[in-house]
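S.K.: I'd like to ask some things about the structure below.
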Amino acid sequence: MNLIDIYIQEVTRRLPEKNREDIALELRSTISDMLSDDYRDDDYRDDDVKDVLEKLGNPAELASGYRDQPMHLIGPRYFDVYLSLLKMILPIAAVIALISMVAEYFIGFGGEEEVINAVLTLLGEGIFRIIEVGIHVFFWLTLVFVIVERTDKEKDQHPLSASLKKWTPDDLKNAIYIPKKKAITRLEVFGYLMWTAIWATLYFNANHLLGIYESGRNGLEFVTPTFNQDVLLRYWPIIIVIIALEIGLALYKLFKRQWTKKIAIFHAILELLSTVVFIMIISNPNVMNQEFITHMSKLFTTTTKQFELWVVSGGIIIFILSVAINIFDGFRKARIR
């Protein structure tokens, strides 16, 4: 891939997704015009291209010129990483806070409160929780980056300090061109982290959120949990390990920005580990609440054993198919050149 394409990629990857295509076209046109003005021969040499790119300057600095946001408190060395993490952590933290709040509400719900009052209470408490969590995340994440920015004594050796050095087109030789179908987008990493946050929160609050809801005297009421929480909590150490591995994989994806063989292998191992743990948990005869099984077997006019067999076998088959598709897709993307 030529230097112009890599240069444009290094600029646009630092910009919002919606603006990248337009800016890429504009930048390509600008480079073409500069080459035409300065060099009359259509057969441009690498040195000609390097001269033009050197005039345009460091891709990070050029990208910051396209941004509307100031970067004063946190400099360009860390601003991209800071902004990416903030956009990811804020909604994930908000979702976890909301799910936890709903679980806490059901724990203390006695059924005496009118449904409209319950909805208004949840709505008001939810908005307050989101604002509170948002303030905490913004403050602490910003504080960490400000401290890192001002205590970094090895600026010249730091991998994120390239934007402070004198840039030359030769620096593009160290940049890797990433095909679009092979790239790992920030949205993909965000979705992966969000899913981890949701299933983990539901797992540790299953007896208050997952189950049978029925219409009661004051509206919809949670009556029978699907799972036995005591049984689920027996597996908490391995669940914590899986959560940590998923977070680590997500951050590594964010760092690498493309599917590689190592990522595909790590992803496959993690998926297989998750499958083994899922089968182990769902196959436990005591993991599902007996009242839930009895209620649902009556609803589907079948025996409790048949219903339990359907749920366990169906869950395992769907989970294995999903894992197989994810593993195949990971290796497929890693092979793209």
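S.K.: Hey, any hits in region 236-255 for a residue that's over 30 Å from LEU187 (Cα atoms) and open to solvent by 40 Å² or more (accessible area, probe 1.4 Å)?
M.R.: There is no residue in region 236-255 that is over 30 Å from LEU187 (Cα atoms) and open to solvent by 40 Å² or more (accessible area, probe 1.4 Å).
S.K.: What number of residues within region 129-150 satisfy the criterion of being open to solvent by 80 Å² or more (accessible area, probe 1.4 Å) and either at pLDDT below 80 or on the phi > 0 side of the Ramachandran plot (or both)?
M.R.: Going through region 129-150 one residue at a time, the tally reaches 1.
S.K.: List every residue pair whose Cβ atoms sit under 9 Å apart, with the two residues 6 or more apart in sequence or on different chains, where the first one lies in region 290-312 and is within 19 Å of ILE279 (Cα to Cα) and the second, anywhere, is part of a helix (DSSP H, G or I) and among the small types (Gly, Ala, Ser).
M.R.: Sorted first by the residue in region 290-312, then by its partner, the pairs are LYS305/SER297; GLN306/SER297; PHE307/SER297; GLU308/SER297.
S.K.: Report, by residue number, each residue of region 172-198 that is touching a helix residue (DSSP H, G or I) at 6+ places or on another chain (Cβ under 9 Å) and over 30 Å from LEU53 (Cβ atoms).
M.R.: PHE190, TYR192, LEU193, MET194, TRP195, THR196, ALA197, ILE198
S.K.: Consider region 273-310. How many of its residues are closer than 30 Å to LEU249 by Cα, open to solvent by 30 Å² or more (accessible area, probe 1.4 Å) and part of a helix (DSSP H, G or I)? Give the derivation first.
M.R.: Step one: of region 273-310, the residues closer than 30 Å to LEU249 by Cα are 273-284, 287.
Checking the rest, the ones that are also open to solvent by 30 Å² or more (accessible area, probe 1.4 Å) come to 273, 276, 278-280, 283.
Those left that are additionally part of a helix (DSSP H, G or I): 273, 276, 278-280.
The total comes to 5.
S.K.: Same structure again: Looking only at region 92-128, which residues are closer than 30 Å to TYR82 by Cβ, open to solvent by less than 60 Å² (accessible area, probe 1.4 Å) and either at pLDDT below 60 or not aliphatic (A, V, I, L, M) (or both)?
M.R.: Scanning region 92-128 gives SER100, GLY126.
S.K.: Within region 1-28, restricting attention to residues that are closer than 23 Å to LYS173 by Cβ and loosely packed, with under 13 Cβ neighbours inside 10 Å, which residue is nearest to the chain's Cα centre (by Cα)?
M.R.: Filtering first and then ranking leaves MET1.
The values are calculated or read from the model by the stated rules, or taken from the named source; none is laboratory data. Note that the coordinates shown come from a computational prediction; the quantities given were computed from them, not determined experimentally. Heads up, the Cβs are rebuilt from the backbone with ideal geometry, glycines too, and the neighbour counts pull from every protein chain shown. For the accessible areas, the whole protein counts, side chains as well, though only heavy atoms, and no ligand, DNA or RNA atoms are used. Shrake-Rupley method; radii C 1.70, N 1.55, O 1.52, S 1.80 Å.
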